[in-house]
Amino acid sequence: MHSAVAVSFLGRRLVGRLMVRWAGPIRRGGGTRETSPHPAGDQTCRHFSRRKKNFKSQIWQQQGPQVDMGDSSNKKLKMASHDADIERFDQAFHQLVTELIDEDAKNPEISDAMVRFRQVLEYNCPGGKRNRGLSVITSYRYLVNSDQLTEENIHRAMVVGWCIEWLQAFFLVLDDIMDQSQTRRGQPCWYRVEEVGNMAINDACYIESCIYKLLRRFCRDQPYYVDLLELFQGTTYKTIVGQSLDLITSPDGKVNLSNFTEERYNAIVKYKTAFYSFHLPVAAAMYMAGITSKESHENAKTILLEMGRFFQIQDDYLDCYGDPAVTGKVGTDVEENKCSWLVVQALRLVNNGQLTLLQENYGQNDPTKVAAVKQLYGELCLQDEFWKFEESSYTQLMTLINSSHQDLPKEMFVAFAQKIYKRKK
C-alpha cells in the first residue's frame, strides 16, 4: 500500500474508533421507542442504538476533513510518557505544598496559619481529574524538540500545571459558596466542613496567592515569565467576568427564563469555563516552548474555546444524566436556576403548555418540581439533542484542527478531543 494511502487509512480508522468512543456504549437488542409531545406535533425520539449505529456509519463514510494522526509508534511513546507524567505530577503536588508551607512555618508569628493552610491545599487542590494541569505537560511534550525535554523543564511544566489546578481550586471554593453547593469531588464542599464556613473565602484567596509564589520561584528567570503572569492574570479576569454573567443571568430566588438565550449561554461558557480550562494550559505550554506568534496563539485559542464550549455543554448534560457516584457531584442545575444548555434547548423546543410547566417548576428547590422539569427534558428528547450537537461539534472541531497554524501539532488537539468526548465525569 502506498505510504500516503496507508496514513490516510490509519487516520480514518483511528478517528472512526474515536467517534465510537464519543458515542458511548451501544445498547444491544430492540426496545420500544419513546414518544413525546412537540411544538410541531407528536415526534418520535430516535432509538439510541440505531442512532449510534448510524453515527458510526456516517463517520466511516464521511468525505469531509480528516486529521493525519501521525506515526503510531510516536503515539505510543506519547501515551507512555503521559502515564509516567501522571505519577510524577501527583508526587510534585506534595513537594510543592511542603515547600510553600515549610518556608512560612518557620516564622512563629504565622505558623498557626500555615497549619491551617496546609489543610486548605490538601483538601481542595488534589482529587480532581487533573486534566488542566496535565494538559500543560502533554502540550509541552508535543511542542518542543526532545533535547528540550530535560528534567528541569518537565518539572517546571508540572509546576505551571499545578498552578492551573490551584487556580481551579480557587474558583471552585468560591463558586460552591455562591451556589450553596453540597458536594465537590465526592466530598463536602470546603465551606460546609465543620468550623470552616465563611473562612473559606479567605482560604480561597490564599490558594490563589500560592499560584504567583510558585511562578516567581520556578519561572522568574525564564524568558516567558512575564507572558505567564499576564496569561494567568488575564484568564482570572475573564473567568470572574464569566462568573458575574452567570450570577446576573440566574439570580438567587428570581427565575426569569427570558434571560436564558443561546447568546448569553455561549458568553457564560466562553468566559467562565473555556478560557481557564482549555486555553490557559495550552497557551502556557506554548509560551514555555518559545511560541509567541500572535497568529499561532489566535489559531490555538479558536480551537480550544470550541473544545471548552463542548466540555461545558457535556458538563450540563452530566449534571442531569450523569451518575453522581462517577461524577463525584450531585447535579443541582435545575434547583439552582442555572442557565444550562439543557434548559436553553428546552426553551427552543417547548410548546405553550410545556413553557408554562417549565416556568412553574424551574429554579425551585423541590424534588417534585425538579422531577417535573427532568420529565419534560425526556419528552423533548434532549438526550437526542445532545447527540446531534456532538456530531456537529466533531465536524467543526476537525475543520478547525486542520486549519491550525503549521507550527502547532494537530495530533495534540486530537489527543485533547479524545479526553473530552469519552468522559463520564
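No lab work stands behind these numbers, since they all come straight from the coordinates. Predicted, not measured: the structure shown is a model, and the values here were computed from it. Note that we place each Cβ from the backbone using ideal geometry, even for glycine, and neighbour counts take in every protein chain shown.
Would you confirm whether any residue within the range 149-160 is of a type in the set (D, E, K, R), under 22 Å from the mean Cα position of the chain (by Cα) and under 30 Å from R423 (Cα atoms)? Before the answer, list the steps.
Here is the first cut: in the range 149-160, the ones of a type in the set (D, E, K, R) are 151-152, 156.
Cutting the leftovers down to under 22 Å from the mean Cα position of the chain (by Cα) gives us none.
The answer is no; no qualifying residue exists.
I want to confirm something. Restricting to the range 340-376 and keeping residues that are under 20 Å from F389 (Cβ atoms) and touching an Asp or Glu at 6+ places or on another chain (Cβ under 7 Å), which single residue is surrounded by the fewest Cβ atoms within 10 Å (Cβ to Cβ)?
If we take residues in the range 340-376 being under 20 Å from F389 (Cβ atoms) and touching an Asp or Glu at 6+ places or on another chain (Cβ under 7 Å), then V344 is surrounded by the fewest Cβ atoms within 10 Å (Cβ to Cβ).
Somewhere in the range 291-304, is a residue surrounded by fewer than 18 Cβ atoms within 10 Å (Cβ to Cβ) and free of Cβ contacts under 8 Å to residues at least 12 places away in the same chain?
Within the range 291-304 (the criterion being surrounded by fewer than 18 Cβ atoms within 10 Å (Cβ to Cβ) and free of Cβ contacts under 8 Å to residues at least 12 places away in the same chain), the answer is yes, since at least one residue qualifies.
Within the set of pairs 6+ apart or on separate chains, which have a first residue in the range 338-363 that is under 20 Å from G308 (Cβ atoms), a second that is in a loop (DSSP other than H, G, I, E, B), and C-beta atoms under 7 Å apart?
K338/S250; C339/S250; C339/F260; S340/D333; V343/F260; V343/Y362; V344/F260
Answer yes or no: is there a residue in the range 120-134 that is surrounded by 19 or more Cβ atoms within 10 Å (Cβ to Cβ), among the small types (G, A, S), touching a residue at least 40 places away in the same chain (Cβ under 8 Å) and under 15 Å from F89 (Cα atoms).
Taking every residue of the range 120-134 in turn, at least one turns out to be surrounded by 19 or more Cβ atoms within 10 Å (Cβ to Cβ), among the small types (G, A, S), touching a residue at least 40 places away in the same chain (Cβ under 8 Å) and under 15 Å from F89 (Cα atoms).
For the range 391-408, name all the residues that are under 14 Å from R309 (Cα atoms) and without any contact (Cβ under 8 Å) to a residue 24 or more places away in the chain.
S392
List pairs: first in the range 240-253 and over 9 Å from I268 (Cβ atoms) and touching a residue at least 12 places away in the same chain (Cβ under 8 Å), second among the aromatic types (F, W, Y) and buried (at least 16 other Cβ atoms within 10 Å of the Cβ), Cβ under 7 Å, 6+ apart or cross-chain?
Partner pairs satisfying both residue conditions: V241/Y271.
Scan (1) surrounded by 15 or more Cβ atoms within 10 Å (Cβ to Cβ); (2) assigned to a helix (DSSP H, G or I) for the single condition Q222 breaks and write down its number.
So the condition that Q222 fails would be (2).
Take Y321 and tell me if it is surrounded by fewer than 21 Cβ atoms within 10 Å (Cβ to Cβ), hydroxyl-bearing (S, T, Y) and closer than 27 Å to L172 by Cα. Break it down into steps so the answer makes sense when it comes.
Details: surrounded by fewer than 21 Cβ atoms within 10 Å (Cβ to Cβ): yes; hydroxyl-bearing (S, T, Y): yes; closer than 27 Å to L172 by Cα: yes.
Yes: the conditions hold for Y321.
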